[in-house]
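Q: Quick one: the structure is below, and I'll ask about it shortly.
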């Protein structure tokens, strides 16, 4: 049973970034890989949901984590648990973990931190926020249950920034929220709340748990989305992570190609400006697919091709002829390092640093698409258009 009308300190704060921000990305899901993310379903209920990385609706080159609770199952007590590691190793430290969250209409979900190596129960949480079917934010207060956040309503299909400031020495945490019409500025909604799971183990797991219920007592029916899980292990940080985030190097590009599964189409032709563009169509047959799309011009010069297109531009359009994304120089992409790594893993010839070849790596939903290759400087030349399905 929820406690209501709990007196909280709810102070609206300025949202300006801190000058000493030291954010480190834990997972922004832009790689499209679920490696390192553990999914566990209670009672081994196979219908009880799953996870998928889908395209960010605001930027198809970026990904977000989608959690689907699945169908009602068993006796209604089934849960869908997802967790991954976060770099809090110092048990005496104060640190901040940030996550961007969005919910569907009807959900029952808890997210926060855990010191448990393989969290699998509500008792494994230390710091936690919750949405139930009423859509009101709750936070965990030690052994006292989940007080509702004062004026803590939220709106479905709306992103909310959430911060947990952890004080492992005192076994307490603060919570701040910003988003929607309910929290237009960053607002502190919990102050020195007690960890639910007390102890000296580091808070090094980010843990999300959904309950499904059953037909007589429905809980999570709709999906939950997570993005930009980020930490500052040095102390309190209440900025919204942006360009100051340190993203772990995605790895070393293999020196030899063919290290992964190859599944692609490619075509070569003469391209110039105006109507003399190249068009390549393809279909995404399932729910969501990550694809690598490239327009190679200068790279052909390395293979003795004369008259290559010096500045190819690629534009991806959907079946409604709407532009999904476009690129002129592949290194201008924010995910250029991942593009290079992925290209090598699927057997694509690597683009050289500083070349004017073009590329996009996108998450695309089911549908038909067209890649248009044009000249960026009104010259004419030979270009190679490539589309790779990313395993």
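Bear in mind these aren't lab numbers, they're just calculated from the coordinates by the rules spelled out. Because the structure is a prediction, the values reported are computed rather than measured. As a convention, Cβ positions derive from the backbone with ideal geometry for all residues, glycine included, and neighbour counts pool all protein chains shown.
Q: Efficiency by 1/(1 + (r/R0)^6): what FRET value for residue 337 and residue 283, r their Cβ-Cβ distance, R0 = 41 Å, to the nearest 0.05?
A: Working: r = 29 Å, r/R0 = 0.70.
The formula returns an efficiency of 0.90 here.
Q: Follow-up question, since we're still on this one. When a/c reaches 1.5 or more, the comparison of a/b and b/c decides; with that in mind, is the range 11-232 rounded, prolate or oblate per its Cα gyration tensor?
A: On the way: a/c = 1.31, a/b = 1.24, b/c = 1.06.
The shape class here is rounded.
Q: Also, quick follow-up: Between 152, 354, 199, which gets the highest mean-square fluctuation from a Gaussian network model of the chain, Cα cutoff 10 Å?
A: Most flexible of the set in this elastic network: 354.
Q: Continuing with this model, one more query. Given points 7 Å out from each Cα along the Cα-Cβ axis, report the residue 323 to residue 181 separation in nanometres with one decimal.
A: Here the answer is 3.2 nm between the modelled labels.
Q: Still on this structure: In nm, to one decimal, how far is the residue 366 label point from the residue 215 one, both placed 7 Å along Cα→Cβ?
A: Distance between the two pseudo-spin positions: 2.5 nm.
Q: Can you give me the Kirkwood hydrodynamic radius for the range 277-391, using every pair of distinct Cα atoms, in Å to one decimal?
A: Result for the range 277-391 stands at 14.2 Å.
Q: May I pose another question? Return the whole-Å distance between the Cα centroid of the range 290-310 and the Cα centroid of the range 361-387.
A: 12
Q: Moving on. Using alpha-carbon pairs under 8 Å, 6+ residues apart, how would you state the relative contact order of the range 11-232 in percent? Don't skip to the answer; put the middle values down first.
A: Working: 596 pairs, mean separation 70.9, N = 222.
RCO, the range 11-232: 32 percent.
Q: Just to be sure I understand: with springs between alpha-carbon atoms less than 10 Å apart, which residue in 27, 204, 217 has the highest mean-square fluctuation in the Gaussian network model of the chain?
A: Looking only at 27, 204, 217, the largest GNM fluctuation is found for 217.
Q: Continuing with the same structure: Would you mind checking the tilt of helix 336-345 against the longest principal axis of the Cα atoms of the chain, expressed as 0 to 90 degrees and rounded to 10?
A: Computed tilt is about 70 degrees.
Q: Is the shape of the range 326-390 best called rounded, prolate or oblate, per the rule: a/c under 1.5 gives rounded, else a/b larger than b/c gives prolate, else oblate, with a ≥ b ≥ c the square roots of the Cα gyration tensor eigenvalues?
A: Oblate shape, in that a/c is at least 1.5 and b/c is the bigger or equal ratio.
Q: Moving on to the next point. How much length is gained on full extension from residue 40 to residue 192, taking 0.36 nm per residue of separation minus their Cα-Cα distance?
A: Stretched out fully, the residue 40 to residue 192 stretch lengthens by 51.7 nm.
Q: Using the number of other C-beta atoms within 10 angstrom as an exposure proxy, rank 290, 389 with the fewest first.
A: Values: 290 21, 389 16.
Ordered from fewest to most neighbouring Cβ atoms within 10 Å, 290, 389 come out as 389, 290.
Q: Using 7 Å Cα-to-Cβ label points, what is the residue 272/residue 156 separation (nm, one decimal)?
A: Simple spin-label model gives 5.5 nm for this pair.
Q: Gaussian network model of the chain, Cα springs within a sub-10 Å range: biggest mean-square fluctuation belongs to which of 142, 269, 304?
A: Judging by the Gaussian network model, the answer is 304.
Q: Is the range 148-255 best put as rounded, prolate or oblate by its Cα gyration tensor, with a ≥ b ≥ c the root eigenvalues, rounded for a/c under 1.5, and otherwise prolate when a/b is larger than b/c, oblate when not?
A: On the way: a/c = 1.41, a/b = 1.21, b/c = 1.17.
It comes out rounded by the Cα gyration axes.
Q: In addition: From Cα pairs below 8 angstrom and at least 6 apart in sequence, can you work out the relative contact order of the chain, rounded to a whole percent?
A: Rounded, it is 21 percent for the chain.
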